[in-house]
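Written below as structure tokens is the structure these notes are about.
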Amino acid sequence: MVKESIVYPLPQDQDIAKLEGSFRVQLPNEYKEFLKRYNACEIIDSTPLTIVNKRCQIERFLGIIKNFSEHPYGVYDIGCCETSLGEQGRNFYDEDLIGSELVPIAKLAWGDYLCLNFHYDKNNPSVDFLD
């Protein structure tokens, strides 16, 4: 992690609860703690992920960014990314998944995303690639 890249203010429990309400999911506790410590951080020397014969590198994790429309890193707000993905018509299974079953958690190189996928298991989401 690049500690200098963490976006402040760090989210609090009430910010995360609001995000969960808007997405209609219960985020894993480990991910909530990650948000509260490393909000929207970059990572250095990330090992590229290999997903279905694609190589991807994490550009930046997403976070909860207050006043994202005015913030210089507002494009890395989870809600902002969810809105952007919905506007682009991107989805896995049907038009209502993003925001209810897919929660973007990281921006990858080339405009792709890693998402928590709650489609199969509401209590134990998988991490899926969205291109």
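We did not get these values from a lab; they are worked out from the coordinates using the rules stated. Everything quoted here is computed from the prediction, not taken from an experiment. A quick note on method: Cβ atoms are made from the backbone with ideal geometry, for glycine too, and the neighbour counts reach across all protein chains shown.
Roughly how many nanometres apart are two label points built 7 Å out from the Cα toward the Cβ at Glu4 and Asp121?
Distance between label points: 4.0 nm.
Please list 3J(HN,Hα) in residue order for segment 9-21, calculated via the Karplus relation 6.51 cos²θ - 1.76 cosθ + 1.60 where θ = phi - 60°; whole Hz, with x for glycine and proline.
Taking θ as phi minus 60°, the curve returns x, 5, x, 9, 3, 5, 5, 5, 4, 5, 4, 4, x Hz for segment 9-21.
Given H placed on each backbone N at 1.01 Å, which residues far from Ile105 in sequence or on other chains put an amide H within less than 5 Å of it?
It is Leu114, Cys115, Leu116, by chain and number.
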